[in-house]
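Student: So that we are looking at the same thing, I have put the structure below in C-alpha coordinates.
The values are calculated or read from the model by the stated rules, or taken from the named source; none is laboratory data. Treat the numbers as computed from the prediction; the structure is a model and nothing was measured. All Cβ positions, glycine included, derive from the backbone under ideal geometry; neighbour counts span all protein chains shown.
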Amino acid sequence: MEEKPYSFPLENYMSRERFERIKAFSEGKDTPFLVLDLDIIKANYEALRNHFPYAKPYYAVKACPHDRVVETLRDLGSSFDVASRWELDQLLALGVPPDRMSYGNTIKKERDIAYFYEKGVRLFVTDSPSDLDKISRAAPGSKVTIRLLSEGLGADWPLSKKFGCHPDLARQLVKLSVRLGLEPYGLAFHPGSQQRDVGAWSSAITQVGMLFRWAREEANVQLKMMNMGGGFPADYVEPTDTLTQYSEDISRFIENSFKDYRPEEIIIEPGRSMAGNAGVIVSEIVNIAKKSVHERYPWVFLDVGKFGGLIETLDEAIKYPIYFEGSGKAKEIIIAGPTCDSMDILYEKWTYTMPDSAKIGDRVYVLSSGAYTQSYSSISFNGFPPLAAHILE
(Lines give C-alpha, C1' and ligand atoms only; values in the text may rest on other atoms or scores of the structure.)
Protein backbone atom coordinates (compact mmCIF):
# COMPACT_ATOMS: atom_id res chain seq x y z
CA MET A 1 0.00 0.00 0.00
CA GLU A 2 1.37 3.39 -1.02
CA GLU A 3 1.95 5.72 1.90
CA LYS A 4 0.17 9.07 1.74
CA PRO A 5 1.67 12.36 2.85
CA TYR A 6 0.48 13.66 6.19
CA SER A 7 -2.13 16.38 5.92
CA PHE A 8 -4.50 17.98 8.39
CA PRO A 9 -7.48 20.20 7.47
CA LEU A 10 -6.63 22.99 9.92
CA GLU A 11 -8.82 25.44 8.00
CA ASN A 12 -11.88 23.34 8.93
CA TYR A 13 -11.38 24.36 12.55
CA MET A 14 -9.59 27.72 12.57
CA SER A 15 -7.63 30.11 10.41
CA ARG A 16 -3.90 29.69 10.06
CA GLU A 17 -3.53 33.20 11.52
CA ARG A 18 -5.43 32.22 14.67
CA PHE A 19 -3.40 29.04 15.05
CA GLU A 20 -0.15 31.00 14.78
CA ARG A 21 -1.42 33.38 17.47
CA ILE A 22 -2.15 30.44 19.78
CA LYS A 23 1.20 28.87 19.00
CA ALA A 24 3.11 32.07 19.74
CA PHE A 25 1.09 32.66 22.92
CA SER A 26 1.90 29.12 24.10
CA GLU A 27 5.66 29.42 23.83
CA GLY A 28 7.46 29.08 27.14
CA LYS A 29 4.45 27.58 28.95
CA ASP A 30 4.70 24.08 30.41
CA THR A 31 2.31 21.59 28.80
CA PRO A 32 -0.40 20.46 29.02
CA PHE A 33 -2.67 23.47 29.20
CA LEU A 34 -5.85 24.84 27.68
CA VAL A 35 -5.90 28.09 25.70
CA LEU A 36 -9.28 29.86 25.62
CA ASP A 37 -10.17 32.52 23.06
CA LEU A 38 -12.86 34.86 24.39
CA ASP A 39 -13.45 36.30 20.92
CA ILE A 40 -14.76 32.88 19.87
CA ILE A 41 -17.02 32.76 22.94
CA LYS A 42 -18.47 36.12 21.91
CA ALA A 43 -18.91 35.02 18.28
CA ASN A 44 -20.61 31.78 19.33
CA TYR A 45 -22.99 33.65 21.62
CA GLU A 46 -23.94 36.13 18.91
CA ALA A 47 -24.40 33.29 16.39
CA LEU A 48 -26.86 31.55 18.72
CA ARG A 49 -28.73 34.78 19.36
CA ASN A 50 -28.98 35.46 15.63
CA HIS A 51 -30.13 31.95 14.75
CA PHE A 52 -32.52 31.61 17.71
CA PRO A 53 -33.74 35.18 18.32
CA TYR A 54 -36.80 33.89 20.17
CA ALA A 55 -34.77 31.86 22.70
CA LYS A 56 -33.02 33.00 25.87
CA PRO A 57 -29.56 31.42 26.39
CA TYR A 58 -28.81 29.90 29.80
CA TYR A 59 -25.12 28.99 29.51
CA ALA A 60 -24.33 25.57 31.04
CA VAL A 61 -21.59 26.64 33.45
CA LYS A 62 -20.25 23.09 33.81
CA ALA A 63 -19.03 23.12 30.20
CA CYS A 64 -16.31 25.65 30.92
CA PRO A 65 -16.59 27.50 34.24
CA HIS A 66 -13.55 29.76 33.81
CA ASP A 67 -14.23 33.14 35.43
CA ARG A 68 -13.34 35.06 32.29
CA VAL A 69 -15.77 32.97 30.21
CA VAL A 70 -18.55 33.58 32.73
CA GLU A 71 -17.78 37.31 32.87
CA THR A 72 -17.80 37.55 29.08
CA LEU A 73 -21.19 35.88 28.83
CA ARG A 74 -22.53 37.90 31.77
CA ASP A 75 -21.67 41.11 29.95
CA LEU A 76 -23.29 39.83 26.74
CA GLY A 77 -26.55 39.32 28.62
CA SER A 78 -26.57 35.56 29.02
CA SER A 79 -28.39 33.74 31.77
CA PHE A 80 -26.91 30.61 33.36
CA ASP A 81 -27.80 26.97 33.98
CA VAL A 82 -26.37 26.15 37.41
CA ALA A 83 -25.69 22.62 38.68
CA SER A 84 -24.45 23.12 42.25
CA ARG A 85 -24.14 25.59 45.11
CA TRP A 86 -20.46 26.06 44.24
CA GLU A 87 -21.34 27.21 40.74
CA LEU A 88 -23.95 29.48 42.34
CA ASP A 89 -21.33 31.02 44.65
CA GLN A 90 -19.01 31.58 41.71
CA LEU A 91 -21.70 33.35 39.69
CA LEU A 92 -22.78 35.53 42.60
CA ALA A 93 -19.15 36.50 43.27
CA LEU A 94 -18.87 37.50 39.60
CA GLY A 95 -21.91 39.74 39.84
CA VAL A 96 -24.49 37.57 38.07
CA PRO A 97 -27.94 38.34 39.52
CA PRO A 98 -29.97 35.34 40.75
CA ASP A 99 -32.86 36.11 38.38
CA ARG A 100 -30.51 35.11 35.54
CA MET A 101 -30.00 31.62 36.95
CA SER A 102 -31.81 28.30 36.86
CA TYR A 103 -31.02 25.44 39.23
CA GLY A 104 -30.96 22.89 36.44
CA ASN A 105 -29.75 19.80 38.29
CA THR A 106 -32.63 17.42 39.10
CA ILE A 107 -30.49 15.66 41.74
CA LYS A 108 -30.11 17.98 44.69
CA LYS A 109 -30.16 18.07 48.47
CA GLU A 110 -32.94 19.93 50.24
CA ARG A 111 -30.42 22.15 52.03
CA ASP A 112 -28.93 23.12 48.68
CA ILE A 113 -32.38 24.03 47.36
CA ALA A 114 -32.81 26.21 50.46
CA TYR A 115 -29.43 27.82 49.80
CA PHE A 116 -30.41 28.71 46.23
CA TYR A 117 -33.72 30.10 47.47
CA GLU A 118 -32.00 32.15 50.18
CA LYS A 119 -29.72 33.66 47.52
CA GLY A 120 -32.69 34.66 45.36
CA VAL A 121 -33.00 31.89 42.75
CA ARG A 122 -36.62 31.13 41.92
CA LEU A 123 -36.41 28.76 38.94
CA PHE A 124 -35.86 25.05 39.64
CA VAL A 125 -35.82 21.97 37.38
CA THR A 126 -37.30 18.70 38.64
CA ASP A 127 -38.23 15.22 37.43
CA SER A 128 -39.58 13.34 40.46
CA PRO A 129 -42.23 13.70 43.19
CA SER A 130 -39.64 13.46 45.96
CA ASP A 131 -37.55 16.28 44.50
CA LEU A 132 -40.67 18.37 43.96
CA ASP A 133 -41.59 17.82 47.59
CA LYS A 134 -38.16 19.10 48.68
CA ILE A 135 -38.56 22.19 46.50
CA SER A 136 -41.99 22.92 48.03
CA ARG A 137 -40.48 22.92 51.53
CA ALA A 138 -37.17 24.67 50.83
CA ALA A 139 -38.23 27.07 48.04
CA PRO A 140 -41.95 27.78 48.56
CA GLY A 141 -43.79 29.45 45.71
CA SER A 142 -40.96 28.95 43.21
CA LYS A 143 -41.31 28.23 39.51
CA VAL A 144 -40.62 24.63 38.54
CA THR A 145 -39.69 23.22 35.17
CA ILE A 146 -40.40 19.52 34.67
CA ARG A 147 -37.74 17.71 32.69
CA LEU A 148 -38.83 15.01 30.25
CA LEU A 149 -36.94 11.83 29.54
CA SER A 150 -35.05 11.86 26.24
CA GLU A 151 -33.43 8.87 24.54
CA GLY A 152 -30.50 10.89 23.21
CA LEU A 153 -30.26 8.81 20.04
CA GLY A 154 -27.89 10.42 17.56
CA ALA A 155 -25.85 12.15 20.27
CA ASP A 156 -22.14 11.45 20.66
CA TRP A 157 -22.51 11.97 24.44
CA PRO A 158 -26.08 10.82 25.33
CA LEU A 159 -27.83 11.95 28.50
CA SER A 160 -30.61 9.38 28.59
CA LYS A 161 -32.05 7.49 31.58
CA LYS A 162 -30.40 9.45 34.41
CA PHE A 163 -32.41 12.64 33.92
CA GLY A 164 -36.04 13.31 33.11
CA CYS A 165 -39.36 11.54 33.44
CA HIS A 166 -41.92 9.90 31.16
CA PRO A 167 -44.87 12.09 30.02
CA ASP A 168 -47.31 10.20 32.24
CA LEU A 169 -45.26 11.11 35.31
CA ALA A 170 -44.81 14.67 34.01
CA ARG A 171 -48.60 15.05 34.07
CA GLN A 172 -48.65 13.97 37.71
CA LEU A 173 -45.87 16.42 38.55
CA VAL A 174 -47.77 19.31 36.98
CA LYS A 175 -50.77 18.57 39.20
CA LEU A 176 -48.62 17.88 42.27
CA SER A 177 -46.75 21.17 41.92
CA VAL A 178 -50.05 23.05 42.04
CA ARG A 179 -51.12 21.18 45.19
CA LEU A 180 -47.74 21.96 46.79
CA GLY A 181 -48.09 25.70 46.15
CA LEU A 182 -45.46 25.85 43.41
CA GLU A 183 -45.86 27.33 39.94
CA PRO A 184 -45.64 24.71 37.16
CA TYR A 185 -43.80 27.06 34.84
CA GLY A 186 -42.68 24.89 31.97
CA LEU A 187 -41.29 21.71 30.48
CA ALA A 188 -37.69 20.86 29.64
CA PHE A 189 -35.77 18.28 27.67
CA HIS A 190 -32.20 17.71 26.51
CA PRO A 191 -31.63 15.98 23.17
CA GLY A 192 -28.16 14.73 24.15
CA SER A 193 -24.78 16.43 24.02
CA GLN A 194 -23.16 16.84 20.59
CA GLN A 195 -26.45 15.86 18.99
CA ARG A 196 -25.87 15.33 15.27
CA ASP A 197 -29.47 14.34 14.47
CA VAL A 198 -31.68 17.41 14.42
CA GLY A 199 -34.67 15.06 14.38
CA ALA A 200 -34.11 14.56 18.12
CA TRP A 201 -35.61 18.02 18.66
CA SER A 202 -38.64 17.16 16.52
CA SER A 203 -39.88 14.31 18.70
CA ALA A 204 -39.14 16.18 21.95
CA ILE A 205 -40.84 19.42 20.87
CA THR A 206 -43.87 17.45 19.65
CA GLN A 207 -44.12 15.82 23.06
CA VAL A 208 -43.85 19.16 24.83
CA GLY A 209 -46.56 20.63 22.59
CA MET A 210 -48.94 17.81 23.45
CA LEU A 211 -48.32 18.28 27.17
CA PHE A 212 -48.86 22.04 26.89
CA ARG A 213 -52.27 21.39 25.35
CA TRP A 214 -53.12 18.75 27.95
CA ALA A 215 -52.16 21.12 30.80
CA ARG A 216 -54.30 23.94 29.40
CA GLU A 217 -57.34 21.91 28.40
CA GLU A 218 -57.51 19.21 31.06
CA ALA A 219 -55.51 20.39 34.08
CA ASN A 220 -56.39 24.10 33.85
CA VAL A 221 -52.69 24.98 34.06
CA GLN A 222 -51.06 27.57 31.79
CA LEU A 223 -47.52 26.38 31.18
CA LYS A 224 -45.40 29.28 29.94
CA MET A 225 -41.89 28.04 29.16
CA MET A 226 -40.14 25.37 27.07
CA ASN A 227 -36.50 24.62 27.83
CA MET A 228 -34.85 22.89 24.85
CA GLY A 229 -31.59 22.18 26.69
CA GLY A 230 -28.28 22.07 24.88
CA GLY A 231 -27.12 19.62 22.25
CA PHE A 232 -25.86 22.03 19.60
CA PRO A 233 -22.53 20.69 18.38
CA ALA A 234 -18.94 21.82 18.36
CA ASP A 235 -16.57 21.09 15.47
CA TYR A 236 -15.01 17.69 16.05
CA VAL A 237 -13.77 15.11 13.53
CA GLU A 238 -17.20 13.81 12.57
CA PRO A 239 -19.19 16.41 10.61
CA THR A 240 -22.47 17.99 11.69
CA ASP A 241 -25.05 20.16 10.00
CA THR A 242 -24.60 23.93 10.13
CA LEU A 243 -26.18 25.99 12.88
CA THR A 244 -28.35 27.53 10.17
CA GLN A 245 -29.79 24.11 9.35
CA TYR A 246 -30.41 23.37 13.03
CA SER A 247 -32.19 26.67 13.55
CA GLU A 248 -34.35 26.35 10.44
CA ASP A 249 -35.47 22.83 11.33
CA ILE A 250 -36.05 23.54 15.02
CA SER A 251 -38.03 26.70 14.23
CA ARG A 252 -40.23 24.63 11.91
CA PHE A 253 -40.71 21.98 14.60
CA ILE A 254 -41.87 24.68 17.04
CA GLU A 255 -44.32 26.14 14.54
CA ASN A 256 -45.78 22.71 13.83
CA SER A 257 -46.18 21.80 17.50
CA PHE A 258 -47.47 25.13 18.82
CA LYS A 259 -49.84 26.37 16.14
CA ASP A 260 -52.46 27.52 18.63
CA TYR A 261 -50.37 28.29 21.73
CA ARG A 262 -46.69 29.26 21.60
CA PRO A 263 -44.70 29.25 24.87
CA GLU A 264 -44.22 32.74 26.30
CA GLU A 265 -40.57 31.89 26.94
CA ILE A 266 -38.17 29.50 25.22
CA ILE A 267 -34.82 28.65 26.79
CA ILE A 268 -31.71 27.02 25.36
CA GLU A 269 -28.76 25.82 27.45
CA PRO A 270 -25.65 25.93 25.25
CA GLY A 271 -22.45 24.58 26.73
CA ARG A 272 -20.42 22.64 24.20
CA SER A 273 -21.50 24.83 21.29
CA MET A 274 -20.51 27.94 23.24
CA ALA A 275 -17.10 26.91 24.53
CA GLY A 276 -15.94 23.91 22.48
CA ASN A 277 -14.43 25.72 19.51
CA ALA A 278 -12.99 28.40 21.78
CA GLY A 279 -10.36 26.12 23.28
CA VAL A 280 -7.18 24.36 22.23
CA ILE A 281 -5.24 21.99 24.49
CA VAL A 282 -1.51 22.27 23.92
CA SER A 283 0.19 18.98 24.69
CA GLU A 284 3.54 17.28 24.18
CA ILE A 285 4.62 13.87 22.93
CA VAL A 286 6.09 12.01 25.91
CA ASN A 287 6.94 8.78 24.16
CA ILE A 288 6.52 6.88 20.88
CA ALA A 289 6.74 3.11 21.18
CA LYS A 290 5.64 -0.25 19.78
CA LYS A 291 4.65 -3.24 21.87
CA SER A 292 6.39 -5.73 19.60
CA VAL A 293 8.78 -5.73 16.69
CA HIS A 294 6.02 -6.59 14.26
CA GLU A 295 3.28 -4.33 15.64
CA ARG A 296 1.84 -2.19 12.88
CA TYR A 297 0.76 0.90 14.81
CA PRO A 298 3.05 2.82 17.15
CA TRP A 299 1.68 4.11 20.44
CA VAL A 300 1.94 7.87 20.87
CA PHE A 301 1.80 8.93 24.51
CA LEU A 302 0.78 12.53 25.17
CA ASP A 303 1.13 14.40 28.46
CA VAL A 304 -2.66 14.84 28.57
CA GLY A 305 -5.19 12.02 28.70
CA LYS A 306 -8.53 10.92 30.09
CA PHE A 307 -7.73 12.05 33.61
CA GLY A 308 -6.23 15.34 32.47
CA GLY A 309 -9.39 16.60 30.79
CA LEU A 310 -10.09 14.27 27.87
CA ILE A 311 -12.55 11.95 29.67
CA GLU A 312 -15.01 12.35 26.79
CA THR A 313 -12.75 10.13 24.70
CA LEU A 314 -14.27 7.32 26.80
CA ASP A 315 -15.42 4.70 24.27
CA GLU A 316 -14.01 7.17 21.71
CA ALA A 317 -17.29 9.08 21.95
CA ILE A 318 -15.91 12.56 21.27
CA LYS A 319 -13.33 12.57 18.51
CA TYR A 320 -11.22 15.67 18.89
CA PRO A 321 -9.27 17.02 15.93
CA ILE A 322 -5.61 16.48 16.85
CA TYR A 323 -3.00 18.45 14.93
CA PHE A 324 0.60 17.32 14.68
CA GLU A 325 2.86 19.90 13.07
CA GLY A 326 5.44 18.68 10.64
CA SER A 327 5.65 16.95 7.29
CA GLY A 328 6.35 13.52 5.91
CA LYS A 329 4.40 10.35 5.34
CA ALA A 330 1.16 9.83 7.29
CA LYS A 331 1.64 7.23 9.99
CA GLU A 332 -1.40 5.60 11.63
CA ILE A 333 -1.12 5.64 15.40
CA ILE A 334 -2.72 4.75 18.73
CA ILE A 335 -3.00 7.74 21.08
CA ALA A 336 -2.81 7.38 24.86
CA GLY A 337 -2.35 9.56 27.93
CA PRO A 338 0.47 9.65 30.50
CA THR A 339 -1.04 8.05 33.60
CA CYS A 340 -0.46 4.63 35.11
CA ASP A 341 -3.92 3.38 34.22
CA SER A 342 -4.83 1.10 31.33
CA MET A 343 -8.06 3.07 30.85
CA ASP A 344 -6.01 6.07 29.76
CA ILE A 345 -6.14 5.21 26.05
CA LEU A 346 -7.71 7.92 23.90
CA TYR A 347 -7.99 6.44 20.42
CA GLU A 348 -7.23 2.84 19.50
CA LYS A 349 -10.08 2.07 17.07
CA TRP A 350 -10.63 5.38 15.28
CA THR A 351 -7.82 6.13 12.85
CA TYR A 352 -5.55 9.05 13.70
CA THR A 353 -2.34 9.87 11.87
CA MET A 354 0.80 11.88 12.48
CA PRO A 355 3.74 12.75 10.21
CA ASP A 356 6.53 10.21 10.32
CA SER A 357 8.84 13.09 11.25
CA ALA A 358 7.09 13.54 14.62
CA LYS A 359 9.33 12.94 17.60
CA ILE A 360 9.35 12.94 21.39
CA GLY A 361 9.10 16.48 22.72
CA ASP A 362 7.04 17.82 19.81
CA ARG A 363 3.97 19.83 20.67
CA VAL A 364 0.54 18.53 19.69
CA TYR A 365 -2.66 20.57 19.50
CA VAL A 366 -6.03 19.14 20.55
CA LEU A 367 -8.52 21.42 18.83
CA SER A 368 -12.15 22.20 19.77
CA SER A 369 -11.34 21.29 23.36
CA GLY A 370 -12.77 24.25 25.26
CA ALA A 371 -15.79 22.40 26.63
CA TYR A 372 -15.82 19.63 29.24
CA THR A 373 -12.05 19.40 29.53
CA GLN A 374 -10.69 21.56 32.34
CA SER A 375 -13.91 21.07 34.30
CA TYR A 376 -13.59 17.29 33.89
CA SER A 377 -9.89 16.99 34.74
CA SER A 378 -8.97 15.12 37.93
CA ILE A 379 -7.53 16.87 40.98
CA SER A 380 -4.35 14.82 41.34
CA PHE A 381 -4.60 11.35 39.83
CA ASN A 382 -1.05 9.96 39.84
CA GLY A 383 -0.13 13.35 41.28
CA PHE A 384 -0.79 15.15 38.01
CA PRO A 385 -2.31 18.60 38.62
CA PRO A 386 -5.60 19.68 37.06
CA LEU A 387 -5.45 21.03 33.52
CA ALA A 388 -4.27 24.64 33.57
CA ALA A 389 -6.07 27.25 31.45
CA HIS A 390 -4.88 30.49 29.91
CA ILE A 391 -6.87 33.23 28.22
CA LEU A 392 -5.54 34.15 24.78
CA GLU A 393 -4.62 37.82 25.06
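Student: Of the residues that make up region 27-45, is at least one assigned to a helix (DSSP H, G or I), within 30 Å of Phe124 (Cβ to Cβ) and polar (S, T, N, Q)? Show your work before the answer.
Tutor: Let us first name the residues in region 27-45 that are assigned to a helix (DSSP H, G or I), namely 38-45.
Among the residues that remain, those that are also within 30 Å of Phe124 (Cβ to Cβ) are: 41-42, 44-45.
Remaining after also requiring polar (S, T, N, Q): 44.
The answer is yes, given that some residue of region 27-45 is assigned to a helix (DSSP H, G or I), within 30 Å of Phe124 (Cβ to Cβ) and polar (S, T, N, Q).
Student: Checking Ser327 against (1) over 29 Å from Ser273 (Cα atoms); (2) modelled with pLDDT of 95 or more; (3) among the small types (Gly, Ala, Ser), which test does it fail?
Tutor: Just one mismatch for Ser327, condition (2).
Student: Still on this structure, I have one more. So Met225 fits all but one of (1) touching a Leu at 6+ places or on another chain (Cβ under 8 Å); (2) closer than 21 Å to Asn256 by Cα; (3) crowded, with 22+ Cβ neighbours inside 10 Å; what number is the exception?
Tutor: (3)
Student: Another question, if that's okay. Looking at (1) in contact with an Asp or Glu (Cβ under 8 Å, 6 or more places away or on another chain); (2) in a strand (DSSP E or B); (3) not assigned by TED's automatic domain parsing to the domain that holds Val174, can you tell me which one Met226 breaks?
Tutor: (3)
Student: If you don't mind, another one. Looking only at region 46-59, filter to residues that are touching a residue at least 24 places away in the same chain (Cβ under 8 Å) and in a loop (DSSP other than H, G, I, E, B); which one of those is farthest from Asp362 (Cα to Cα)?
Tutor: Top of the filtered list is Tyr54.
Student: Is it fair to say Leu36 is in contact with a helix residue (DSSP H, G or I) (Cβ under 6 Å, 6 or more places away or on another chain), surrounded by fewer than 18 Cβ atoms within 10 Å (Cβ to Cβ) and either of a type outside the set (Ser, Thr, Tyr) or without any contact (Cβ under 8 Å) to a residue 40 or more places away in the chain (or both)? It would help to see each step written out before you state the result.
Tutor: Details: in contact with a helix residue (DSSP H, G or I) (Cβ under 6 Å, 6 or more places away or on another chain): yes; surrounded by fewer than 18 Cβ atoms within 10 Å (Cβ to Cβ): no; either of a type outside the set (Ser, Thr, Tyr) or without any contact (Cβ under 8 Å) to a residue 40 or more places away in the chain (or both): yes.
The answer is no for Leu36.
Student: Anything in region 312-338 that is surrounded by 19 or more Cβ atoms within 10 Å (Cβ to Cβ), assigned to a loop (DSSP other than H, G, I, E, B) and not small (Gly, Ala, Ser)? List them, or say none.
Tutor: Residues satisfying the conditions are Ile318, Tyr320, Pro321, Pro338.
Student: Looking at Tyr261, Tyr246, which one is assigned to a helix (DSSP H, G or I), modelled with pLDDT under 95 and either in contact with a Phe, Trp or Tyr (Cβ under 6 Å, 6 or more places away or on another chain) or of a type outside the set (Lys, Arg) (or both)?
Tutor: Numbers: Tyr261 fails: assigned to a helix (DSSP H, G or I).
Of Tyr261, Tyr246, the one residue that is assigned to a helix (DSSP H, G or I), modelled with pLDDT under 95 and either in contact with a Phe, Trp or Tyr (Cβ under 6 Å, 6 or more places away or on another chain) or of a type outside the set (Lys, Arg) (or both) is Tyr246.
Student: If you scan region 340-376, which residues turn out to be of a type in the set (Ser, Thr, Tyr), closer than 24 Å to Glu325 by Cβ and touching a Gly at 6+ places or on another chain (Cβ under 9 Å)? If you could, list the steps in order and put the result at the bottom.
Tutor: So in region 340-376, the residues of a type in the set (Ser, Thr, Tyr) come out as 342, 347, 351-353, 357, 365, 368-369, 372-373, 375-376.
This time we only want the ones that are closer than 24 Å to Glu325 by Cβ, so: 347, 351-353, 357, 365, 368-369, 373.
Matches in region 340-376: Ser357, Ser368, Ser369, Thr373.
Student: Checking Phe8 against (1) of a type in the set (Phe, Trp, Tyr); (2) farther than 24 Å from Pro239 by Cβ; (3) not in a helix (DSSP H, G or I), which single condition isn't satisfied?
Tutor: (2) is the only condition that Phe8 fails.
Student: Determine whether Ser202 is in contact with a strand residue (DSSP E or B) (Cβ under 8 Å, 6 or more places away or on another chain), part of a helix (DSSP H, G or I), hydroxyl-bearing (Ser, Thr, Tyr) and without any contact (Cβ under 8 Å) to a residue 60 or more places away in the chain. Show your work before the answer.
Tutor: Numbers: in contact with a strand residue (DSSP E or B) (Cβ under 8 Å, 6 or more places away or on another chain): no; part of a helix (DSSP H, G or I): yes; hydroxyl-bearing (Ser, Thr, Tyr): yes; without any contact (Cβ under 8 Å) to a residue 60 or more places away in the chain: yes.
For Ser202, the condition - in contact with a strand residue (DSSP E or B) (Cβ under 8 Å, 6 or more places away or on another chain), part of a helix (DSSP H, G or I), hydroxyl-bearing (Ser, Thr, Tyr) and without any contact (Cβ under 8 Å) to a residue 60 or more places away in the chain - is not met.
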